[in-house]
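The values are calculated or read from the model by the stated rules, or taken from the named source; none is laboratory data. These figures come from a predicted structure and were not determined experimentally. Every residue, glycine as well, gets a Cβ built from its backbone with ideal geometry; the counts of neighbours run over all protein chains shown.
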Protein chains: 2
Amino acid sequence: MNVHSAGDRPIATPPPNDKRRRILDAAVQVFAQHGFFHARVTDIAREAGVADGTIYLYFKNKDDLLISLFEDRMEGIIAAFRAELSRLEGAAERLDKFVEMHLGMVEREPQLAEVLTVELRQSSKFMREYKAPRFQEYLDILAEIFELGRRTGEFRPDLEPRILKRIVFGALDEVSLVWSSTRRDKYALADAAREIRNLCVRGLMASAAHETAQQGDRP
Amino acid sequence: MNVHSAGDRPIATPPPNDKRRRILDAAVQVFAQHGFFHARVTDIAREAGVADGTIYLYFKNKDDLLISLFEDRMEGIIAAFRAELSRLEGAAERLDKFVEMHLGMVEREPQLAEVLTVELRQSSKFMREYKAPRFQEYLDILAEIFELGRRTGEFRPDLEPRILKRIVFGALDEVSLVWSSTRRDKYALADAAREIRNLCVRGLMASAAHETAQQGDRP
């Protein structure tokens, strides 16, 4: 059995919702190893050390399990990001920290990263029907950083937070995907973090705005 | 029947490889409409106006059809991009044009964009086994732009083309994905193009390098 962080908790008489937790932890392993489509509920039950039927007490089906896993993990990630960012004053500092934390998480928890970047997209239910409120919340942390910088004059006034949050997330997600899927040998995530931070901080600073003002006016 | 661009060609006695073309055109429609996993070879055959068995004369299976479709479309896209970019001198101009062409293609061919951004990721064969040489070639067009700018001194000397190509592609892909999947009402692609171009051009210009030189030294 390979239950993530099980070593931190007493296993003898688990509280009722500890089973839910064990199933979610097992699902990360199984989805990352076999892929969402080939993963079987039976494999997840075996990994979690529960009967197959137990899984259906907590989750309707495999798609529901994937979505619940996503919501559960994002809840923890959002809380950790907000706590860390609230200690920093400036927008550029916060953006720096966001990039560092996002890629740090990918590096520390590659299986979770694999599920979030690759496997989620294999669920057509997730991609097509599910609104992913926690994902929107995660993106909004980024949007708030851009709004802060625009308000304080640290960043240029013409930036659009609702588009920029997608641009920065897309960049982070792509370098994470490459890093995960090439078995981490293509480049160090620290190099990617530096490139993204350089591009964003230089690209957003108010002081550089005059240089390419004409660019902003093009259709 | 809704064969893409069929109106341009005589249909009476199609040349032998015209069937392959009709099947590929039909596959774009069917994959975009039903999703890769739910699309059936039978549906593609009906859309293309050929017998089911004919498809297997050209393609081994549905995954092979998707990969062939990808290679075929990318070949045309790469040639068009190279021709257009070769007319421009500067790296910033070329980067501008690349962003404009990428998002312009998404806007003009939303079904093809849906297949390239969403459905390709639904094929685990594509994601896990296939090296996608044409996709690498597409990314290399971006890398060459960064190398050009670095060489001529237009862009800052510390940039890393192999990471930047992923960052810029990730940003383009994410805004395309949002635009496609929200039925194009979230924002205009022209606004996204402007944000990406502003961010990149300002973020890469050599003249802004002194301002945040310390950022580049961080781990």
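Kindly establish whether A:R151 is away from every other protein chain (no Cβ under 11 Å), more than 24 Å from B:A92 (Cβ to Cβ) and touching an Asp or Glu at 6+ places or on another chain (Cβ under 6 Å). Criteria not met by A:R151.
Counting only residues that are closer than 17 Å to A:Q111 by Cβ and not in a loop (DSSP other than H, G, I, E, B), region A:29-43 holds 7 of them. Looking only at region A:59-70, how many residues end up being touching a residue at least 24 places away in the same chain (Cβ under 8 Å) and surrounded by fewer than 17 Cβ atoms within 10 Å (Cβ to Cβ)? Counting residues in region A:59-70 that are touching a residue at least 24 places away in the same chain (Cβ under 8 Å) and surrounded by fewer than 17 Cβ atoms within 10 Å (Cβ to Cβ) gives 1.
Considering region B:12-39, the residues that are out of contact with any helix residue (DSSP H, G or I) (no Cβ under 8 Å at 6 or more places or on another chain) and not polar (S, T, N, Q) include one that is modelled with the lowest pLDDT, namely B:A12. Determine, yes or no, whether B:F98 is at pLDDT 95 or above, under 12 Å from the mean Cα position of the chain (by Cα) and either more than 17 Å from A:T117 (Cα to Cα) or surrounded by 21 or more Cβ atoms within 10 Å (Cβ to Cβ) (or both). Yes, satisfied. (1) under 14 Å from the mean Cα position of the chain (by Cα); (2) surrounded by fewer than 19 Cβ atoms within 10 Å (Cβ to Cβ): which one isn't true of B:V118, the others all being true? Every listed condition holds for B:V118 apart from (2).
Note on region B:169-189: among residues that are free of Cβ contacts under 8 Å to residues at least 60 places away in the same chain and of a type in the set (A, V, I, L, M, F, W, C), the one that is farthest from the other protein chains (Cβ to nearest Cβ) is B:A188. When you look at A:Q111, is it under 21 Å from A:F37 (Cβ atoms), part of a helix (DSSP H, G or I) and either modelled with pLDDT of 85 or more or of a type in the set (K, R) (or both), yes or no? Here the answer is yes, as A:Q111 does meet what is asked. Candidates B:R46, B:R73, B:R87: the one that is in a helix (DSSP H, G or I), of a type in the set (K, R) and surrounded by fewer than 17 Cβ atoms within 10 Å (Cβ to Cβ) is B:R46. Consider region A:17-43 and keep the residues that are over 28 Å from A:L177 (Cβ atoms) and polar (S, T, N, Q). The one that is surrounded by the most Cβ atoms within 10 Å (Cβ to Cβ) is A:T42.
One line per residue, one yes/no per condition, for (1) at pLDDT below 90; (2) in contact with a helix residue (DSSP H, G or I) (Cβ under 6 Å, 6 or more places away or on another chain):
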site: B:R134; (1), (2): yes, yes
site: B:G170; (1), (2): no, yes
site: B:S181; (1), (2): yes, no
site: B:G203; (1), (2): yes, yes
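Contact map, region A:25-44: first residue in contact (Cβ under 8 Å) with a residue 60 or more places away in the chain, second residue assigned to a loop (DSSP other than H, G, I, E, B), Cβ cut-off under 7 Å, separation 6 or more or different chains; pairs are A:V28/A:H4; A:Q29/A:N2; A:F31/A:A39; A:F36/A:S123.
Only one entry of B:A80, B:A92 meets the criterion of being buried (at least 16 other Cβ atoms within 10 Å of the Cβ) and either assigned by TED's automatic domain parsing to the domain that holds B:L159 or in contact (Cβ under 8 Å) with a residue 60 or more places away in the chain (or both), and that entry is B:A92.
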